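Written out below as structure tokens is the structure these notes cover.
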Ligand SMILES: Cc1cc2nc3c(=O)[nH]c(=O)nc-3n(C[C@H](O)[C@H](O)[C@H](O)COP(=O)(O)OP(=O)(O)OC[C@H]3O[C@@H](n4cnc5c(N)ncnc54)[C@H](O)[C@@H]3O)c2cc1C
């Protein structure tokens, strides 16, 4: 399907973004290659849950890769980049696989989750990825987990924006009772829904958390032990210290209850998101001498 002049606000959870000149849905490497051969620029999106699209829109072709196949064989799941992450989690629970349940409630699709190594509660998708197939601009290739260079909210696909994740094979221990996994998922979803109400126009956490060991020694000394988890300090801690909660720029606000959560009241613009992000970064830099890095991606 190819559409023209499509407002991207309808394709992002933030509800922001001007029109894409072209929006193309493709489902095979051949269709993808054909659309990439049209005049650029081109950009991939998935569920649009981690994106700030400019108010001016996108001057080229926005592509969605809609491979929605999901098959289970033994201890492996093969999953297309266009599969909703929650659908993968639900199937994994149903099959008695242990591990993906911690990703319950993370919005978006599998391709986006691999690109940003999505995760929650100390686990991320990299732990289960065996191989990833992707389009490198010329042909379909396959990378092993090590070749994907996964790190905290990072993968090689973030560095190679011209590559497109097509599908992945995950391998998990099939050791869980499906009822227990479902109950765990329900519990996680309840907690998450309080933090991120399902209708909230946002992109989850705006900034990445920080590795305690990489902070300057004088900052490390100021950080209370209780805000350190798995060696990371929540960026919300630093944001809170500089008074971020409740700050706003036009129709974009920092949540009163979570300093790393920006949301659109409905009247916001992408320019206001960027303005607030820059302001928060400069306050944290001024106060602590540290650079916050966005988790959210720009288009
Ligand atoms: C309420 C809420 C809560 C969230 N909680 C979490 C959380 O707990 N943990 C977490 O990790 N994230 C969280 N996020 C962020 C977001 O859900 C993840 O980053 C998600 O994996 C993004 O997937 P997506 O399909 O929506 O990607 P999009 O937002 O559409 O795109 C994000 C980036 O991925 C790239 N991309 C997408 N698909 C492909 C592909 N097939 N090949 C190559 N590149 C691709 C895009 O070019 C873009 O740069 C949250 C977001 C929201 C709104």
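Quick notes on this one:
- Inter-centroid distance (Cα atoms) of region 127-178 relative to region 66-84, Å: 12 Å
- Hull shadow area, averaged, region 197-298 [alpha-carbon convex hull, nm²]: 6.6 nm²
- Mean Cβ count within 10 Å, highest first, over the residues of peptides 277-288, 28-39: 277-288, 28-39
- Relative contact order (%) - criterion: Cα under 8 Å, at least six apart; region: region 130-205: 28 percent
- Sorted into 5 angstrom bins from 0, the C-alpha pair distances of region 70-180 split as 2, 13, 25, 27, 18, 9, 4, 1, 0 percent.
- Region 94-117 and region 192-229 have Cα centres spaced 20 Å apart.
- With 5 Å bins from 0: P(r) over region 141-196, alpha-carbon pairs, percent: 4, 13, 15, 15, 12, 18, 17, 5, 0
- Helix-only mean residue ellipticity at 222 nm for the chain, each DSSP H run of n ≥ 4 adding -39500 (n - 2.57), per residue, nearest 500: -7500 deg cm²/dmol
- Mean separation of Cα contacts under 8 Å (6+ apart) over length of the chain, as relative contact order %: 17 percent
- Among 172-178, 199-205, the order from most to least packed when residues are scored by Cβ within 10 Å on average: 199-205, 172-178
- For the peptides 55-62, 107-114, 85-92, the ranking by mean Cβ contacts within 10 Å, running from highest to lowest, is 107-114, 85-92, 55-62.
- Volume in Å³ per residue [convex hull over Cα atoms, computed for the chain]: 132 Å³
Computed from the coordinates by the stated procedures, all read-outs in this text should not be read as laboratory data. None of these values were measured; they are calculated from a predicted model. We place every Cβ from the backbone using ideal geometry, glycine too, and count neighbours over all the protein chains shown.
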